[in-house]
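J.: A single structure is presented below for examination.
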Amino acid sequence: MTERRSKAGFNAVAFLGVLILLLFGFALGPDTEALRNAAAGALWLAILFAGVLAFNRSYQLELDGAALEPLLLYPAPRWTIFAGKFLANLLFVLLLEVVVVPVAIILFQVTSVAGWIPASGVMLLGSIGFVALGTFYASMASRSRAREVLLPLLLFPMLIPVLLASSEATSALLAGNPMQDAGAWVKLLVAFDVIFLVASFLAFDHVIEV
Amino acid sequence: MRGVTLELEPGEIVGIVGHNGSGKSTLLRVVSTALRPSAGEGWVHGQHLVRDAIEVRRHIGFMAHAPGLYEDLTATENLQFAARMFGIAESGIEAAIDRVGLAQSRNERVRGFSAGMQRRLALARLILGTPSLLLLDEPYNNFDPQGIELVNEVIEDARRGGGSALVVLHDRRQGERVLDRVIELGRGVVIGTSPGSRPLTLVSTVGLPH
């Protein structure tokens, strides 16, 4: 409710995502082929960099008003707090993708409509893994004064499999390759999502203790 | 804390005093289930503090040193959130807000509240759940004389209903009207008790009565 009321957080994150895409576009130059080849990687990096800002904000509401302790003392299992934060962050990242994907289509001239439809499934899978880990590490970093720096340092090395699988699968689908090229990466994404979602739910109770 | 044993009878109000760092707030947070004890055990109404933490939380009302509110929500919205998290009807919200004297500000955002108003709203959240064990960490801070009277009324109401309270204080004189006895902590151990219903013994558990 507070996020919907202020909107400042989402606007800033979406603007950063678009800005990163623009910077990639400028760095790659006007070569259409180079732009198309880099589209998936640039898109995923924009989502990852901008999404980290969202994770940093996910405990900010509680930290601003010292409301984390009361939240932990409601008579409910603590994994439900993780579930709430995870779903809110997933919605946030999916909305971010709604903004940055059209920009990527225009900027990188990836006009294959047929490729974008299955690619949206890959984006959902990649987002689930990304958000599960991001929400978990944000809870670990939330009590640190250096959380803005700490979170990317903890998170990005762990995200390499997601980044690799997501960008490779998205790239293969946008290039019009048959599904078998993307299939192995999709399986990796599914495995990553399952492992880190389960691990995050199980471990959350121990990392969130005040 | 080392070797602190404590029992509260129904209707008993116990003050905990001590210097900064003496373990007063830690004791309260262990009993509230916010902190897991590294040794020792405790029970609230027969429920174990660690094994039955969710059940314990149904019986306790914890008011921390900080009010722990969502600053971008209104007073009513903060209590609606608390009611949903406690799984109780929202019908008592209006009465709770009226009781703490915030009727005029019920639809204002907490961000604009003074420290005293925020404490009053935290008190409203406390009485909303009608807990049988109040855990109050320096409850008189930031209150004007009327607010201090309100805190005492809430404690007395709990006593009349057969509830108990643990009240952390810097100065025992603050709560002399409502306290049945006082425990003095120093560096995590009991260093003194006031004349009261029973003396404290030093053993290696933190216990509350079944």
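J.: Scale the Cα Rg of region A:1-152 by the rule-of-thumb value 2.2 N^0.38 Å and send over the ratio, two decimals. Working shown, then result.
T.: Working: Rg = 17.1 Å, N = 152, 2.2 N^0.38 = 14.8 Å.
Against the compact-globule rule of thumb, the ratio is 1.15.
J.: Report the gain in length on full extension from A:S112 to A:L91: 0.36 nm times residue separation, minus Cα-Cα distance, nm rounded to one decimal.
T.: 5.0 nm is the gain from fully extending A:S112 to A:L91.
J.: Counting only helical runs of four or more DSSP H residues, what would the 222 nm mean residue ellipticity of the protein assembly as shown come to if each run contributes -39,500 (n - 2.57) and the total is spread over all its residues?
T.: Working: 16 runs with 240 residues, N = 420.
Estimated from H runs of four or more residues: -18500 deg cm²/dmol.
J.: Counting only Cα atoms, I'd like the Rg/Rh figure for region A:85-125, Kirkwood definition for Rh.
T.: Numbers: Rg = 11.5 Å, Rh = 11.1 Å.
Taking Rg over the Kirkwood Rh, I get 1.04.
J.: What is the Cα convex hull volume of region A:73-190 when expressed per residue in Å³? Numbers along the way, then the final one.
T.: On the way: hull volume 13.9 nm³, N = 118.
Residue-normalised Cα hull volume stands at 118 Å³.
J.: If you take the square roots of the eigenvalues of the alpha-carbon gyration tensor of region B:81-170 and sort them as a ≥ b ≥ c, do you get rounded (a/c under 1.5), prolate (a/b over b/c) or oblate?
T.: Details: a/c = 1.75, a/b = 1.11, b/c = 1.58.
It comes out oblate by the Cα gyration axes.
J.: Please compute the average number of Cβ atoms from other chains found within 10 Å of each residue's Cβ in peptide A:56-69.
T.: 4
J.: Tell me, what HN-Hα J-couplings in whole Hz come from the Karplus equation 6.51 cos²θ - 1.76 cosθ + 1.60 at θ = phi - 60° for each residue of region B:45-55, using x for Gly and Pro?
T.: Residue by residue, region B:45-55 yields 6, x, 9, 6, 4, 9, 5, 10, 4, 5, 5 Hz.
J.: Would you mind checking which residues have amide H under 5 Å from B:G163's amide H? H placed 1.01 Å from N; only 5 or more apart, or other chain.
T.: Amide H neighbours of B:G163: B:G11.
J.: With the convex hull built on the Cα atoms of region B:11-150, state its orientation-averaged projected area in nm².
T.: Working: hull surface 36.8 nm².
Computed as one quarter of the Cα hull surface, the answer is 9.2 nm².
J.: Counting only Cα atoms, I'd like the Rg/Rh figure for the protein assembly as shown, Kirkwood definition for Rh.
T.: Values: Rg = 26.1 Å, Rh = 24.0 Å.
Reported Rg/Rh, Kirkwood definition of Rh: 1.09.
J.: Within region A:85-141, what whole-number % of the accessible surface is contributed by carbon and sulfur, with the 1.4 Å probe and all protein chains included in the calculation? Present the calculation step by step, with values, prior to reporting the outcome.
T.: Details: 1760 of 2100 Å².
Carbon with sulfur: 84 percent of the solvent-accessible area.
J.: Name the residues whose placed amide hydrogens come within less than 5 Å of the amide hydrogen of B:G42, ignoring near sequence neighbours (fewer than 5 apart) on the same chain.
T.: Distant-sequence amide H within range of B:G42: B:L49, B:V50.
J.: Put B:H59, B:H170 in order of accessible area, largest first, 1.4 Å probe: what do you get? Don't skip to the answer; put the middle values down first.
T.: On the way: B:H59 50, B:H170 100 Å².
The ranking, largest first, comes out as B:H170, B:H59.
J.: Once phi is turned into ³J(HN,Hα) by the Karplus curve 6.51 cos²θ - 1.76 cosθ + 1.60 with θ = phi - 60°, what whole-Hz value does each residue of region A:56-66 show in order, with x for glycine and proline?
T.: Working through the residues one at a time gives 4, 7, 5, 10, 5, 4, 6, 5, 4, x, 6 Hz.
J.: Evaluate E = 1/(1 + (r/R0)^6) for A:A12 and B:Q146, where r is the Cβ-Cβ distance and R0 equals 45 Å; express this FRET efficiency to the nearest 0.05.
T.: Values: r = 42 Å, r/R0 = 0.94.
Working from the Cβ atoms, E equals 0.60.
J.: In addition: When the dipole is taken about the Cα centre of chain A, and only Lys, Arg (+1) and Asp, Glu (-1) are charged at their Cβ, what size is it in debye, to the nearest 20?
T.: Values: 11 positive and 13 negative charges, 70 e Å.
My answer is approximately 340 debye.
J.: To the nearest 100 Å², how much accessible surface do chains B and A hide from each other in total, with a 1.4 Å probe? Display every interim value, and only then the final one.
T.: Details: alone 10470 and 10580 Å², together 18750 Å².
When B and A are taken together, about 2300 Å² of accessible area is lost.
J.: Residue by residue through region B:22-30, which ³J(HN,Hα) values in whole Hz follow from phi under the Karplus form 6.51 cos²θ - 1.76 cosθ + 1.60 (θ = phi - 60°), with glycine and proline marked x?
T.: Values per residue, Gly and Pro as x: 7, x, 4, 5, 4, 4, 5, 6, 5 Hz.
J.: So, one more: Starting from a Cα-only point model with no solvent, please compute log10 I(q)/I(0) by Debye for region A:13-85 at q = 0.11, 0.15, 0.18, 0.22 1/Å.
T.: Scattering profile of region A:13-85, log10 relative to I(0): -0.46, -0.64, -0.75, -0.93.
J.: Just to confirm, what accessible area per residue do you get for region B:61-179 at 1.4 Å probe, in whole Å²? Please report the intermediate quantities before stating the final value.
T.: Numbers: 5010 Å² over 119 residues.
On a per-residue basis, 42 Å².
J.: Quick check for me: using +1 on Lys/Arg Cβ and -1 on Asp/Glu Cβ, what's the dipole size of the protein assembly as shown about its Cα centre, in debye to the nearest 20? Could the numbers behind the result be given before it?
T.: Values: 34 positive and 37 negative charges, 70 e Å.
Dipole about the Cα centre, nearest 20: 340 debye.
J.: What's the Cα-based Rg to Rh of region A:106-149, Rh via Kirkwood? Don't skip to the answer; put the middle values down first.
T.: Working: Rg = 16.3 Å, Rh = 13.0 Å.
Ratio of gyration radius to Kirkwood radius: 1.25.
J.: Let me make sure I get this right: for region B:3-47, a, b and c are the square roots of the gyration tensor eigenvalues over alpha carbons, sorted descending. Under 1.5 in a/c it's rounded, otherwise prolate if a/b > b/c, else oblate. Which is it?
T.: Here region B:3-47 falls in the oblate category.
The values are calculated or read from the model by the stated rules, or taken from the named source; none is laboratory data. Note that the coordinates shown come from a computational prediction; the quantities given were computed from them, not determined experimentally. All Cβ positions, even for glycine, are placed from backbone atoms using ideal geometry, and neighbour counts span all protein chains on display. SASA here: full protein model, heavy atoms, side chains in, ligands and nucleic acids out. Shrake-Rupley method; radii C 1.70, N 1.55, O 1.52, S 1.80 Å.
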